[in-house]
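Peer 1: Once you've had a glance at the structure underneath, I'll fire off some questions.
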Amino acid sequence: MDGIHNLVLRALQKSSFPHHIASAYSLYKHLQLTPTRWNTGLTVMVPKDHTGSPAKCRPLTMIPVFRMHFERLLKQEYSQRMQATLHHAQAGFRPGDNTLRQILVAENIPDRRFRTLIDFRQAFDSPTLSVLMDSVLEFGPSFARLIFSL
């Protein structure tokens, strides 16, 4: 999207470039703002098969490389806090855990009063914007402003 290939970034690892990028990321985080340019992506339709039918395509959005790396850094920083907010029964959303493991654990619980139920209908639902905003605001106003700038 921004024309910078990851190979170029890797080649610059031994230079002062990473220090400058880290400084910029720290500034963005401190200001709770990100460049407006980061909010522009290019969406293309990728065919799932060779028919070319629009119904058989999925959207793929390419975003600027620097935004992608910034989001990864934010994810690393906040993931422990986010994991702490998950209920212990939500194993499918924890790194290194999954729904299958949760089912196997439930099968080995001697007390059959405990059951694992999976609502596949709701597994792919889309939360409303207000629910998402409330979730982000739980991490504090400065984090919320930063996320909403993306």
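Peer 1: For Leu9, all conditions in the list (1) of a type outside the set (Gly, Ala, Ser); (2) modelled with pLDDT of 70 or more; (3) exposed (fewer than 12 other Cβ atoms within 10 Å of the Cβ) hold save one; what is the number of the exception?
Peer 2: For Leu9, the failing item is (3).
Peer 1: Could you run through the stretch 47-77 and say how many residues are within 29 Å of Val136 (Cβ to Cβ) and not in a helix (DSSP H, G or I)?
Peer 2: 7
Peer 1: Name every residue in the stretch 61-80 that is hydrophobic (A, V, I, L, M, F, W, C) and touching a Gly at 6+ places or on another chain (Cβ under 8 Å), in order of residue number.
Peer 2: Once the filter is applied, which keeps residues that are hydrophobic (A, V, I, L, M, F, W, C) and touching a Gly at 6+ places or on another chain (Cβ under 8 Å), the stretch 61-80 yields Met62, Ile63.
Peer 1: Going through Phe120, Phe148, Phe124, Phe114 one at a time, which residue ends up being surrounded by 11 or more Cβ atoms within 10 Å (Cβ to Cβ) and either at pLDDT below 75 or not aliphatic (A, V, I, L, M) (or both)?
Peer 2: Phe148
The values are calculated or read from the model by the stated rules, or taken from the named source; none is laboratory data. Note that the coordinates shown come from a computational prediction; the quantities given were computed from them, not determined experimentally. As a convention, Cβ positions derive from the backbone with ideal geometry for all residues, glycine included, and neighbour counts pool all protein chains shown.
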